[in-house]
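The values are calculated or read from the model by the stated rules, or taken from the named source; none is laboratory data. All values reported here derive from a predicted model rather than from experimental measurement. Note that we place each Cβ from the backbone using ideal geometry, even for glycine, and neighbour counts take in every protein chain shown. Please note that ligands, DNA and RNA were not included when accessible areas were found on the heavy atoms of the full protein model with its side chains. Shrake-Rupley method; radii C 1.70, N 1.55, O 1.52, S 1.80 Å.
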Amino acid sequence: LFESFQVNSYRGFYSVKFAPWFCTLKESLVGGDVVVLDKNIAELYPVIAELNNPIILISPSEAAKTYGSIGETMEEVMSLGFSKNNKLIAVGGGITQDITAFAASVIMRGVSWHFYPTNLLSQCDSCIGSKTSVNLGKYKNQLGGFYPPDMVCIDTSFCKTLQPRDFASGLGEMMHYFLIDGSMSLEDLEGMIDEVGKNSATLDELIWKSLHIKKKMVELDEFDQGPRNIFNYGHTFGHALEATTDFQVAHGIAVAYGMDLANFLSVEFGFLQKEVRNGANGIFRKIWSDTVLPEIDNKVYMDALVRDKKSIKGFIQPILTRGIGQMFQAKLRLNSRLMNAINKYFEQRLYEKKI
Ligand SMILES: NC(=O)c1ccc[n+]([C@@H]2O[C@H](COP(=O)([O-])OP(=O)(O)OC[C@H]3O[C@@H](n4cnc5c(N)ncnc54)[C@H](O)[C@@H]3O)[C@@H](O)[C@H]2O)c1
Ligand SMILES: [Zn+2]
């Protein structure tokens, strides 16, 4: 198993451990602590019912992480006699994390929380970085702040029960860190995709690497005021795809399409060589191989892009690239050249093709 490490944050250091989840959890609980649990994990891992502490079940969906629903969850926490000295423990994916982190940040002006990420996306990415993002009605991720956990425990054996879609989603997010970092070649990354499903040691190692790339950046720019924006690679276009498909496409898979579109536009605008785009495209295709992308209505897609947090009047500001490890923030005018290029990408299904 991999060694634990520390992440520095405005609330002090917190540790990220690679350890067996159930005994770690059992040993850490004191009377009054409340477990916030993904209901799918409750079904797949019934051993958790052996704990003596109260458990609040979450049905993971974007609706569960709206401000209204979280209000109900927090009332439930309070009704259990929760006190300032207790902690919340999130066991689940990114949704369970966001709900718990947000609640922990505001209950009694902030209480301690621990996180046991149970899917690949939350293990390789969201478990560190301090962000708490919840939905305000239909406004996705528009409420929240920065509130890191006091401890993260990663047990990759959880990944054995993941649906292929959720596994692929984690791979997409991981790939985004590796491409930004640029220390592995496209050949190595492609080999890694083939290997990762077969070998759990590879999985531990890749999660560790991915978290270390993120750790360096969040320690530098925890509040996302500049350099950390580079992690938006694939996300401007990916978020718009999630919105356009009513969240049918899982986050990390949408990010894979988003990176491919960013690369495609980088070629169109003369920043990137075709060969690099095509090489990366081969990797992305493995990630979305089980996904059937519905027809994309270009107008709906463009509207979603314009609503992106980073967009300014008349421009979008996605991360584009000059090569692996050479991403940069661009400012693209919303003109017919850009719209036609994006339209062509989806209409001609260029994501399935070499260019
Ligand atoms: N705060 C952050 O930094 C941050 C970062 C990235 C994403 N997010 C948020 O996270 C959400 C997406 O995360 P997600 O994809 O983890 O969503 P999720 O929590 O809904 O998990 C996806 C699916 O995986 C299932 N699952 C989890 N562990 C499992 C296991 N071991 N076996 C079988 N199934 C399992 C869940 O039940 C769920 O159906 C979005 O709302 C996004 O905004 C937050
Ligand atoms: Zn992401």
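Toward the positive end of the charge dipole of the chain, with +1 on the Cβ of Lys and Arg and -1 on the Cβ of Asp and Glu, the farthest Cα among 230, 163, 41 is that of 230.
In this view, the solvent-accessible surface of residue 354, computed with a 1.4 Å probe and all protein chains in place, comes to about 120 Å².
Computed with every protein chain present, the accessible area of residue 108 is close to 60 Å² [probe 1.4 Å]. By definition, a body whose alpha carbon gyration tensor gives a ≥ b ≥ c is rounded when a/c is under 1.5, and region 208-329 falls into this rounded group.
Need one number: % antiparallel among DSSP beta bridges in the chain, to the nearest 5. Please report the intermediate quantities before stating the final value.
Values: 16 of 37 bridges.
Antiparallel: roughly 45 percent of the beta bridges in the chain.
Need one word for region 64-104: rounded, prolate or oblate. Basis is the Cα gyration tensor (sqrt eigenvalues a ≥ b ≥ c); a/c below 1.5 gives rounded, then a/b vs b/c decides. Verdict is oblate for region 64-104.
Using only Cα atoms, what Kirkwood radius does the chain have, in angstroms?
On the way: mean 1/r = 0.0480 Å⁻¹.
In the chain this quantity evaluates to 20.8 Å.
Where in region 1-98 are there trypsin sites (Lys or Arg not before Pro) that are in a DSSP coil and have at most 11 other Cβ atoms within 10 angstrom of their Cβ? Can you show the working numbers first?
On the way: sites: 11, 17, 26, 39, 65, 84, 87; in loops: 11, 84.
Counting only loop positions with at most 11 other Cβ atoms within 10 Å, the trypsin sites (Lys or Arg not before Pro) in region 1-98 are 84.
Placing 67, 351, 45 in order of accessible area, with the largest value first and a 1.4 Å probe, yields 67, 45, 351. Applied to region 164-170, the Karplus parametrisation 6.51 cos²θ - 1.76 cosθ + 1.60 on θ = phi - 60° returns per-residue 3J(HN,Hα) values of x, 4, 6, 5, 4, 4, x Hz, with x for Gly and Pro. For residue 9, the accessible surface of its heavy atoms amounts to roughly 20 Å² (probe 1.4 Å, protein chains only, rounded to the nearest 10). On a per residue basis, the chain carries 43 Å² of accessible surface, using protein heavy atoms and a 1.4 Å probe. Dimensions of region 267-354 along the principal axes, based on C-alpha atoms and rounded to the nearest Å, stand at 36, 31, 22, largest first. Rounded to the nearest 20, the Cβ-based charge dipole of region 209-349 about its Cα centre (Lys and Arg +1, Asp and Glu -1) stands at 460 debye. Computed on protein heavy atoms with a 1.4 Å probe, the accessible areas place 114, 251, 239, 176 in the order 239, 251, 114, 176, largest first.
Beta carbons within 10 angstrom, averaged per residue: use that to sort the peptides 123-133, 303-313, highest first.
Working: 123-133: 23.0, 303-313: 14.4.
The densest-packed peptide leads the list: 123-133, 303-313.
Considering all different alpha carbon pairs of region 163-257, the Kirkwood hydrodynamic radius works out to 14.1 Å. Between the exposed loop cleavage positions of the chain, defined as GluC sites (Glu not before Pro) in a non-H, G, I, E, B DSSP state with at most 14 neighbouring beta-carbon atoms within 10 angstrom, the longest gap is 4-294.
Does region 108-150 come out rounded, prolate or oblate by the C-alpha gyration tensor, with a ≥ b ≥ c the root eigenvalues, rounded set by a/c under 1.5 and, if not, prolate when a/b is larger than b/c and oblate if not? Oblate is the answer for region 108-150, as a/c is 1.5 or above yet b/c matches or exceeds a/b. The convex hull around the C-alpha trace of region 218-285, projected and averaged over every direction, spans 5.6 square nanometres.
Take residue 340 and residue 219, extend 7 Å from each Cα along the Cα→Cβ direction, and tell me the distance between the two endpoints in nm. Distance between label points: 4.8 nm. Temperature 20 °C, viscosity 1.002 mPa s: under these conditions the Stokes-Einstein estimate for region 1-44, based on its Kirkwood radius over C-alpha pairs, is 166 µm² per second.
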